[in-house]
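Chemist: A single structure is presented below for examination.
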Amino acid sequence: MKKRLLAAAVAVLMVVSFFPVSGYAAEQHDVGKGDVSISAHSSGSCPGHVITGTSGSLMNQHNISISGGTHTITLKDVNIATPGIGKSAIDIQDGANVTIVLEGSNSLYGATNHPAIWVEEGSSLTIEGTGSLTAEAGTSTPSTGAAAIGSGYGPNTSFGDITINSGTVIAKGSVGGAGIGGGYEPGGSPARQSRLPGSPPP
């Protein structure tokens, strides 16, 4: 009887070992303590990321960069007022597909001629949640400007897909930049603006 029970227990353990482990706890990050860099996970599945903290002084300049992969990122009372020279508060690049969940009150700013959230062409951003986000492009010089969410100033102002499902989002571009969409393109047409479904054309 004991041998049969032992054999059954071993068989159950062997079967369980073949199933992948799921339900990993979300990774925690504090942007006030350093740059947050997220890339494609080797497992192919994102456990989720929760980001908190403040980057708001000359001695404390950090940002968030997401390269490749599909990710769900919760911003919880994040304030990035000083992302560093030539940076956005959040960079989404290399084909990354990012869902940002808003919790609490969040504020993001770009450096000069940079958006608060740069969504590189080929990448995508979806914003949802019950919190709020104020996104503001960095200061600009004459005949320049960046979008708040989208792209910055330069010869190529293309940007990826941007979708807002819920939450409160205030987006302020600088000079020739859109609130959500493209930055100022020298010698080109005015900044391209993203539209939410059902909204009137600009």
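The values are calculated or read from the model by the stated rules, or taken from the named source; none is laboratory data. From a predicted model like this one, the values you see are computed outputs, not experimental measurements. With ideal geometry, Cβ positions are generated from the backbone for all residues, glycine too; neighbour counts draw on all protein chains shown. Just the protein is used for accessible areas: all its heavy atoms, side chains included, with ligands, DNA and RNA removed. Shrake-Rupley method; radii C 1.70, N 1.55, O 1.52, S 1.80 Å.
Chemist: Please report, in whole Å³, the volume per residue of the convex hull around the C-alpha atoms of the range 60-126. If you can, show how the numbers build up before the last one.
Modeler: Values: hull volume 5.1 nm³, N = 67.
Cα convex hull per residue, to the nearest whole number: 76 Å³.
Chemist: Give me Rg over Rh for the range 10-163, both radii from the alpha carbons and Rh done the Kirkwood way, two decimal places. Mind showing how you got there, number by number?
Modeler: Working: Rg = 17.4 Å, Rh = 16.2 Å.
Result for the range 10-163 is an Rg/Rh of 1.07.
Chemist: Follow-up question, since we're still on this one. I'd like the GluC sites (Glu not before Pro) in the range 97-195 restricted to DSSP loop residues with at most 12 other Cβ atoms within 10 Å, sorted by number. Can you show the working numbers first?
Modeler: On the way: sites: 103, 120, 121, 128, 136; in loops: 120, 121.
Sparse-neighbourhood loop GluC sites (Glu not before Pro): none present.
Chemist: Check residue 162: other-chain or 5+ apart residues with amide H under 5 Å from its amide H, H built from backbone geometry?
Modeler: Those qualifying (amide H under 5 Å, at least 5 residues apart or on another chain) are 125.
Chemist: Right, something else. How large is the direction-averaged shadow of the alpha-carbon convex hull of the range 114-153, in nm²?
Modeler: Working: hull surface 12.5 nm².
So the Cα hull casts an average projection of 3.1 nm².
Chemist: Now a separate question. Per Stokes-Einstein, at 25 °C and 0.890 mPa s, what whole-number D in µm² s⁻¹ belongs to the range 45-84, with the Kirkwood radius over Cα pairs as the hydrodynamic radius?
Modeler: Values: Rh = 11.3 Å.
Result for D is 218 µm²/s.
Chemist: Excluding residue 110 itself, calculate the net charge of residues whose Cβ lies under 13 Å from the Cβ of residue 110, where each Lys or Arg counts +1 and each Asp or Glu counts -1.
Modeler: Numbers: positive: 87, 172; negative: 91, 136.
Result for the local shell: 0.
Chemist: Okay, next question. Enter the accessible area of residue 184 (Å², nearest 10), with the probe set to 1.4 Å and all protein chains included.
Modeler: Approximately 70 Å² of residue 184 is accessible to the 1.4 Å probe.
Chemist: If I take R0 = 22 Å and measure r between the Cβ atoms of residue 30 and residue 59 in this structure, what FRET efficiency does the formula 1/(1 + (r/R0)^6) give, to the nearest 0.05?
Modeler: Details: r = 16 Å, r/R0 = 0.72.
Once the sixth-power term is evaluated, E becomes 0.90.
Chemist: Rolling a 1.4 angstrom probe over the protein heavy atoms, how many square angstrom per residue are accessible across the range 52-142? List each step's numbers first, then the result.
Modeler: Details: 3520 Å² over 91 residues.
Using a 1.4 Å probe on heavy atoms only, each residue of the range 52-142 averages 39 Å².
Chemist: So what is the relative contact order for the range 49-168, in percent, with contacts set as C-alpha pairs under 8 Å and at least six apart?
Modeler: On the way: 384 pairs, mean separation 26.6, N = 120.
Worked out over the range 49-168, it gives 22 percent.
Chemist: How high is the FRET efficiency between residue 166 and residue 70 when r is their beta carbon distance and R₀ equals 25 Å, given to the nearest 0.05? Before the final figure, lay out each step's value.
Modeler: On the way: r = 19 Å, r/R0 = 0.78.
The pair residue 166/residue 70 has a calculated efficiency of 0.80.
Chemist: Residue 139's amide H: which non-local residues (gap 5+, or another chain) put their own amide H closer than 5 Å, with H modeled 1.01 Å from N in plane and none for Pro or chain starts?
Modeler: 112, 113
Chemist: Express the carbon and sulfur contribution to the solvent-accessible surface of the range 35-174 as a percent, rounded to the nearest whole number, probe 1.4 angstrom.
Modeler: On the way: 2690 of 5680 Å².
That share works out to 47 percent.
Chemist: Which aspartates and glutamates have a Cα lying under 17 Å from the Cα of residue 33, excluding residues fewer than 8 positions away in the same chain?
Modeler: Answer for residue 33, where 17 Å is the Cα cut-off: 77, listed by chain and number.
Chemist: Now, a different point. Quick one: Karplus J couplings for the range 129-144, per residue in order, coefficients 6.51, -1.76, 1.60, θ = phi - 60°, nearest Hz, x for Gly and Pro?
Modeler: Values per residue, Gly and Pro as x: x, 10, x, 10, 9, 9, 10, 9, 5, x, 4, 9, 9, x, 6, 9 Hz.
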